Amino acid sequence: MDTLLSMRIFCTVAELCSFSAAANKFNIAHSAVSKHVATLEQRLSARLLNRTSRHVSLTEAGSIYLQQARHVLELVDEMEAQARNTAVKPSGNLKISAPPWFANTHFVSLIADYRAAYPDVNLEIDFDVIERGASSEYEDLDIALRVTNTPEEGLVAKHLTTFTFRLVATPAFLDRQKRPNEPADVDGWPLLHYSAYPSNGAVVFHSGERVTFKPVMRSSSTSLLYIAVLAGVGPAFMPSALIEKDVKEGRLEFVLPEETASPMKLYALHPHRPYISAKVKTFLKFLEAAYK
């Protein structure tokens with residue numbers, strides 16, 4: 001049997017959770033679909049699907065094989081399109097990882113525009129509380145959005161924009177603490193601190209001024225720190241894009257209006273592969289347009 005066809009049929013069965021639906025899609029008999037899957041399982045010496053009279057589900061081996069098969073089929077489609085000098089229509093599942101605070105209207109608007117342009121692409125978005133740290137951990141992802149000045153080696157890194165981080169607090173907190181005039185005035189202040197930063201609370205402002213805060217709460221979640229700032233627990237350095245509306249509407253204030261922390265860059269990361277799939281290429285273009 002044609003192994004590539006068997007892989008396509010297996011992926012379709014797995015995605016639709018149905019042998020009958022896959023048979024209808026390929027316009028072949030139910031028994032032919034079963035034979036293609038059985039042939040793959042025999043070649044691999046592993047069961048890929050659990051089958052009952054009413055339900056089809058992936059085994060652990062099947063889940064791993066599905067991810068690999070999708071990449072292989074995308075690569076084949078890209079190679080054939082290049083040979084024909086034609087474009088591949090983006091389709092399939094696009095797996096994206098992003099920081100939790102990307103769950104905002106700006107990012108959702110980008111997603112809506114992308115889906116309108118490419119309705120055959122299904123999006124799976126994972127908001128990581130703790131960012132993945134090794135390139136090997138990205139193998140199941142298509143694109144990872146990361147805010148860092150040192151992108152992980154071994155990955156293709158596309159710089160999209162640079163974020164400014166501002167020290168903000170509620171007006172009530174500043175009424176109690178007294179509003180500072182210069183960086184030296186906040187030395188020793190409490191701080192809601194991102195746990196990836198040094199625990200000693202030392203911060204160098206963009207102007208070069210260095211102060212040492214007293215971290216009273218640490219978290220790997222920017223979203224949790226944001227909620228804590230709004231609750232008046234203390235000040236924190238927040239990406240300006242996240243707190244812009246809060247400052248404008250008076251829920252938060254810039255602690256030092258003329259000062260920012262060192263800027264951080266937003267990268268779109270993806271693993272090195274011989275060919276970049278159409279869905280990844282088109283989504284990267286949307287990202288570049290959104291953050292230019």
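The values are calculated or read from the model by the stated rules, or taken from the named source; none is laboratory data. Treat the numbers as computed from the prediction; the structure is a model and nothing was measured. Please note: Cβ atoms are built from the backbone with ideal geometry, for glycine as well, and neighbour counts cover all protein chains shown.
Results, tabulated for the structure shown:
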item: Residue check, ILE243 in contact with a strand residue (DSSP E or B) (Cβ under 6 Å, 6 or more places away or on another chain), under 19 Å from HIS106 (Cα atoms) and assigned to a helix (DSSP H, G or I); result: yes
item: Extreme residue, modelled with the lowest pLDDT, among residues of the stretch 64-99 that are farther than 22 Å from PRO119 by Cα, of a type in the set (S, T, N, Q) and assigned to a helix (DSSP H, G or I); result: GLN82
item: Whichever residue in the stretch 246-274 is among the charged types (D, E, K, R), touching a helix residue (DSSP H, G or I) at 6+ places or on another chain (Cβ under 9 Å) and over 27 Å from VAL156 (Cα atoms) and, among such residues, is surrounded by the fewest Cβ atoms within 10 Å (Cβ to Cβ); result: ARG251
item: Residues that are hydroxyl-bearing (Ser, Thr, Tyr) and buried (at least 16 other Cβ atoms within 10 Å of the Cβ), drawn from the stretch 1-34; result: SER6, THR12, SER18, SER34
item: Evaluation of ASN50 against (1) free of Cβ contacts under 8 Å to residues at least 24 places away in the same chain; (2) surrounded by 12 or more Cβ atoms within 10 Å (Cβ to Cβ); (3) under 20 Å from TYR65 (Cα atoms) (one fails), failing number; result: (2)
item: Test: residue in the stretch 162-172 that is out of contact with any Leu (no Cβ under 9 Å at 6 or more places or on another chain), farther than 30 Å from LEU141 by Cα and surrounded by 15 or more Cβ atoms within 10 Å (Cβ to Cβ); result: no
item: LEU48, sole failed condition from (1) modelled with pLDDT under 90; (2) over 22 Å from SER277 (Cα atoms); result: (1)
item: Residues (closer than 14 Å to ALA261 by Cα and either out of contact with any Leu (no Cβ under 9 Å at 6 or more places or on another chain) or among the hydrophobic types (A, V, I, L, M, F, W, C) (or both)) located in the stretch 222-238; result: ALA236, PHE237, MET238
item: Lone qualifier among VAL56, VAL37 - being within 21 Å of ASP2 (Cβ to Cβ), surrounded by 15 or more Cβ atoms within 10 Å (Cβ to Cβ), of a type in the set (A, V, I, L, M) and under 34 Å from the mean Cα position of the chain (by Cα); result: VAL37
item: HIS30 vs. criteria touching a residue at least 12 places away in the same chain (Cβ under 8 Å), touching a Ser or Thr at 6+ places or on another chain (Cβ under 9 Å) and not aromatic (Phe, Trp, Tyr); result: no
